[in-house]
Amino acid sequence: MGIIALILGIVLIVAGVFALVRRQMLWGIILIVVGLIVAPGIALFG
């Protein structure tokens, strides 16, 4: 479960960076924050 959460978090962070590159600031920031919460959070508690 931890590996899946880590991969999901990385995917969210990468998607957030791509959103920032496409000048979708709010969406990019949301994706990055959610990715940073999900990856270590679920990996830590899962």
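The values are calculated or read from the model by the stated rules, or taken from the named source; none is laboratory data. Just so it is clear, the structure is predicted and the values come from calculations on it, not from any experiment. Note that we place each Cβ from the backbone using ideal geometry, even for glycine, and neighbour counts take in every protein chain shown.
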Of (1) surrounded by fewer than 16 Cβ atoms within 10 Å (Cβ to Cβ); (2) hydrophobic (A, V, I, L, M, F, W, C); (3) in contact (Cβ under 8 Å) with a residue 12 or more places away in the chain, V34 satisfies all except one. Which?
(1)
On the basis of being at pLDDT 95 or above, of a type in the set (F, W, Y) and over 10 Å from the mean Cα position of the chain (by Cα), does F18 make the cut?
yes
